Structure formats: C-alpha cells, structure tokens
Amino acid sequence: MLSENMENALNKQIRIEAESSQIYLAMASWAEAQGLEGISGFMYAQSDEERQHMLKFFKYINERGGHSLVSELSKPASKFGSIKEMFGTLLKHEVYVSQTINELVHISLEEKDYATHNFLQWYVAEQIEEEAQARTILDKINLIGEAKSGLYMFDKDIKSLNVETSVSPTSNN
Ligand code: FEO
C-alpha cells in the first residue's frame with residue numbers, strides 16, 4: 001500500500017510525464033510545419049514514449065492500492081527559434097525530469113517504500129538514456145551548424161535514431 005505522501009508525489013509525476021508528451025507533440029508539429037519530416041517523426045515517437053512513461057506510473061499507483069489522477073496540463077510552447085533551440089529545450093526538460101525522478105527516489109527511501117524504490121529504477125535508467133540521446137543530437141547540430149544543407153542531412157540522419165528508439169525497451173511497456 002502506498003503512503004499518502006508517496007501517492008501524491010507519484011500523481012504529480014503523472015502530470016509531468018503527460019506534459020512532456022504534450023511538449024514533444026508541439027515540437028513534432030512545429031518541425032512538420034517546417035517540412036522536417038525526420039525530426040518531426042522523432043518528436044512524435046518521443047511524445048508516444050512519454051505517454052508510455054505516464055501510463056506506467058498510472059498503472060503502478062492503482063496496482064498498489066492508490067488512485068491515479070488525470071490532471072490539467074500546461075500549454076506547451078508552439079514555436080521555436082530554431083532546431084538547435086528546440087533540442088536545447090528538450091535537453092533542459094529531460095534534465096528537469098531526471099531531477100523529479102531523483103526526488104521520487106528520495107521520497108521512496110524516506111518512506112521505506114522499497115517496492116516503489118525498485119519500480120523507480122527503470123526511470124532512473126531511462127533518464128540516463130534520454131539525456132544522453134539529447135546531448136548526442138545537440139552535438140550533431142553544433143557540428144553541422146544551421147545551414148540548410150546541414151539541416152537537410154540531419155533530418156535524414158535522425159530517421160535512423162527513430163528506428164533505435166522504436167526498438168528500445170521504452171516503447172514495449
Ligand atoms: Fe519521461 Fe523523457 O521523461
């Protein structure tokens with residue numbers, strides 16, 4: 001059984017994961033409107049992954065005798081100055097999500113809730129992967145610069161990343 005404190009903290013995370021899904025959906029739309037098919041495909045996949053992250057918390061809370069809540073979500077930004085800026089925003093957001101996961105781990109230890117502590121380890125590993133992926137992409141963007149030809153190549157390139165994410169454990173949950 002979850003403590004009330006743990007349940008509330010996990011419900012807050014449901015909102016964060018749902019908002020992440022909305023943020024990446026808005027990014028997918030902006031990239032698609034720019035004709036950047038590869039980047040938008042990547043962002044659609046990221047958005048789906050975040051929904052899976054959200055659902056995993058959702059099912060866990062109910063499984064442990066709690067009550068998962070659907071909350072109101074903040075409206076994400078719909079425009080970005082550049083692709084580099086957009087991926088910079090993505091990295092910052094993932095660093096923030098990692099902090100919120102760490103905070104949940106901290107609470108689970110305080111509550112001596114080892115089941116939740118164990119459950120959260122999947123997210124700890126996932127955040128390492130997500131941050132690393134965002135950093136790799138930003139490094140690539142910095143390397144090619146924002147010239148149109150470079151961006152065109154990058155948009156093609158990122159499609160191979162989509163294949164990797166679609167077979168990662170994240171999407172199988
Ligand atoms: Fe669910 Fe990208 O953090």
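Miscellaneous remarks
- All of Gln121, Gln133 fail the test of being polar (S, T, N, Q) and within 12 Å of the ligand (Cβ to nearest atom), apart from Gln133.
- Where a residue in region 3-25 is closer than 14 Å to Val105 by Cβ and its partner, wherever it lies, is basic (Lys, Arg) and buried (at least 16 other Cβ atoms within 10 Å of the Cβ), with Cβ under 9 Å and at least six apart: Met6/Arg64; Leu10/Arg64
- Residue among Tyr60, Tyr24, Tyr44 that alone is among the aromatic types (Phe, Trp, Tyr) and open to solvent by 50 Å² or more (accessible area, probe 1.4 Å): Tyr44
- Residue that is nearest to Glu103 (Cα to Cα) [pool: residues in region 139-164 that are touching a residue at least 12 places away in the same chain (Cβ under 8 Å) and surrounded by fewer than 16 Cβ atoms within 10 Å (Cβ to Cβ)]: Asn142
- Cβ pairs under 9 Å, 6+ apart, first in region 41-55 and within 19 Å of Ser98 (Cβ to Cβ), second open to solvent by 30 Å² or more (accessible area, probe 1.4 Å) and not in a helix (DSSP H, G or I): Gln52/Asn173; His53/Asn173
- Top-ranked residue in region 79-111 [being over 17 Å from the mean Cα position of the chain (by Cα) and of a type in the set (Gly, Ala, Ser); ranked as least open to solvent (accessible area, probe 1.4 Å)]: Ser108
- Members of region 63-78 found to be open to solvent by less than 40 Å² (accessible area, probe 1.4 Å) and free of Cβ contacts under 8 Å to residues at least 60 places away in the same chain, listed by number: Ser68, Pro76
- Number of positions in region 112-131 that are open to solvent by 50 Å² or more (accessible area, probe 1.4 Å) and closer than 21 Å to Glu49 by Cβ: 5
The values are calculated or read from the model by the stated rules, or taken from the named source; none is laboratory data. All values derive from a computational prediction rather than experimental measurement. All Cβ positions, glycine included, derive from the backbone under ideal geometry; neighbour counts span all protein chains shown. Surface accessibility is based on the protein's heavy atoms, side chains included, excluding ligands, DNA and RNA. Shrake-Rupley method; radii C 1.70, N 1.55, O 1.52, S 1.80 Å.
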